[in-house]
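The values are calculated or read from the model by the stated rules, or taken from the named source; none is laboratory data. From a predicted model like this one, the values you see are computed outputs, not experimental measurements. Positions of Cβ are backbone-derived with ideal geometry, glycine not excepted, and every protein chain shown enters the neighbour counts.
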Amino acid sequence: MSALLIAAERNYVDVVKRILDSNGSISIRNKDKKTALILAAEKGNSKVVSTIIDHLEGCSEDIKQVVMEQDVSYGCSSTVVICL
């Protein structure tokens, strides 16, 4: 599992920010095909979810599309909607 996924799941907001600010891959997934956004949402880590969404706002439309398609295609859309 990547550092971003671990930090998102464990609610390490500052670590998530540093990784994203260092151009860490926002679209990376774990073995269950979940992104950092979904892992944070499932754990109720709202500050991490907000941090990732804020980061996505600054990303290209292509990156946003990849992340959201992944999350929706793996049955995680309800988690994203709840957190947004």
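Could you grab me the full set of residues in region 1-40 that are surrounded by 21 or more Cβ atoms within 10 Å (Cβ to Cβ), part of a helix (DSSP H, G or I), in contact (Cβ under 8 Å) with a residue 24 or more places away in the chain and of a type in the set (Val, Ile, Thr)?
VAL16, ILE38
Taking the criterion of being touching a helix residue (DSSP H, G or I) at 6+ places or on another chain (Cβ under 7 Å), in a helix (DSSP H, G or I), of a type outside the set (S, T, N, Q) and modelled with pLDDT under 90, would at least one residue in region 68-77 satisfy it?
Among the residues of region 68-77, at least one is touching a helix residue (DSSP H, G or I) at 6+ places or on another chain (Cβ under 7 Å), in a helix (DSSP H, G or I), of a type outside the set (S, T, N, Q) and modelled with pLDDT under 90, which makes the answer yes.
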